[in-house]
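Shown next, in structure tokens, is the structure this report addresses.
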Amino acid sequence: MLTLGRLTYLEASPSVAAPAGRAQTTLLLIHGFPLNARSWEPQLQLADRGWRVLAPQLRGFDGSPGHPPVDTVDDYAGDIIDLLDGLHVEDAVIGGLSMGGYITLALFRLAPRYFRGMMLADTRSQADTAEGIEGRRRMLALVRERGAGAVADEMLPKLVGETTKHLNPQIVEHTRALILASSPDAIAGGIRAMMSRPDSTPLLSSIHCPTLILVGEEDAITPPAQSEAMHRAIAGSELTILPRAGHLANLERPDAFNDALARFLTHRV
């Protein structure tokens, strides 16, 4: 794990050169809640296909410096801007899963100049409903009173798809370990950021960079219908629905996820 400013991050450098006449592409991946950058480890293998891969650790998750506290998705997006500037990355294909998708959209709203392309995985553009905000408040109380383990118990049944639970239970335990690595303060910050985020739906029509939308067919948190709505709103976007995957499609179907992302990077960016 490398450190720059407030963020620690994973980096995988390309093992092969970019094709003749094409600039090297940087792929930056923003993790979901309440996980950390290591949830993108299967995607670091994309460096073997010629792309530089960066996976920042959001403030406080798995030991990354957590001060000052985070209250909004814009706080996280500002950290990503600092990382890109610190690494002298002028543009990148920027993507995120779940909460990482919310941050990706916030970053586009704040600084669209960084986007060579966009990837939105298992996420949605809408703000929380009143019912959703109430659920966030309950989760905030839960993590304050009982810690990360209680959050894992509450969220795991919804995070992972039914096929994965039955055929790959080790992924469930791996996901639990990722959650337990996060401090209660980091989890609370993520909850506050998600419950206060704006509706990004009006932003979608202004996205003109190449965009890939990925979603697990069994995603119970952000179902495929929400990805289909984003696909209709973002002109020229691509939509891939991954069978036998839930909300954590990149961990549940890593080969299929990587293949879809590699095709997009090769042919659209």
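The values are calculated or read from the model by the stated rules, or taken from the named source; none is laboratory data. Just so it is clear, the structure is predicted and the values come from calculations on it, not from any experiment. As a convention, Cβ positions derive from the backbone with ideal geometry for all residues, glycine included, and neighbour counts pool all protein chains shown.
Table for the structure above
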read-out	value
Residue, nearest to residue 123 (Cα to Cα), within region 150-171, restricted to residues that are touching a Ser or Thr at 6+ places or on another chain (Cβ under 7 Å) and surrounded by 18 or more Cβ atoms within 10 Å (Cβ to Cβ)	159
Candidate set from region 177-191 (those that are under 17 Å from the mean Cα position of the chain (by Cα) and of a type outside the set (A, V, I, L, M, F, W, C)); member that is modelled with the lowest pLDDT	182
Selected residue (only one of 252, 238, 228 is of a type outside the set (Phe, Trp, Tyr), under 16 Å from residue 171 (Cβ atoms) and at pLDDT 95 or above)	252
Helices (runs of 4 or more DSSP H) contained in region 140-236 and holding at least 1 residues in contact with a strand residue (DSSP E or B) (Cβ under 8 Å, 6 or more places away or on another chain) and in contact (Cβ under 8 Å) with a residue 24 or more places away in the chain	224-233
Breaking point among (1) in contact with a His (Cβ under 9 Å, 6 or more places away or on another chain); (2) surrounded by fewer than 22 Cβ atoms within 10 Å (Cβ to Cβ); (3) closer than 14 Å to residue 117 by Cα, for residue 204	(1)
Residue in region 105-135 that is farthest from residue 197 (Cα to Cα), counting only those that are assigned to a loop (DSSP other than H, G, I, E, B) and of a type in the set (A, V, I, L, M, F, W, C)	111
Selection within region 237-248 - part of a loop (DSSP other than H, G, I, E, B), at negative phi and not hydrophobic (A, V, I, L, M, F, W, C)	237, 243, 246, 247
From the options 96, 32, 101, residue that is closer than 23 Å to residue 231 by Cβ, at pLDDT 95 or above and assigned to a helix (DSSP H, G or I)	101
Meets criteria (outside any helix (DSSP H, G or I) and in contact with a Lys or Arg (Cβ under 9 Å, 6 or more places away or on another chain)) for residue 77	no
Single unsatisfied condition, residue 39 versus (1) touching a His at 6+ places or on another chain (Cβ under 6 Å); (2) at pLDDT below 95	(2)
Any chance residue 268 is of a type in the set (Lys, Arg) and in contact with a Lys or Arg (Cβ under 8 Å, 6 or more places away or on another chain)	no
Selection within region 240-269 - surrounded by fewer than 24 Cβ atoms within 10 Å (Cβ to Cβ) and among the charged types (D, E, K, R)	244, 255, 259, 263, 268
Scan of region 131-170 for residues that are closer than 20 Å to residue 184 by Cβ and of a type in the set (Gly, Ala, Ser), ordered by number	135, 141, 147, 148, 149, 150, 152
Only listed residue being more than 27 Å from residue 174 (Cα to Cα), hydrophobic (A, V, I, L, M, F, W, C) and either surrounded by fewer than 23 Cβ atoms within 10 Å (Cβ to Cβ) or at pLDDT 95 or above (or both), chosen from 53, 89	89
Output for region 75-114, where each listed residue is basic (Lys, Arg) and touching a Leu at 6+ places or on another chain (Cβ under 9 Å)	109
Matching entry among 78, 101 (being under 17 Å from residue 6 (Cα atoms) and among the small types (Gly, Ala, Ser))	78
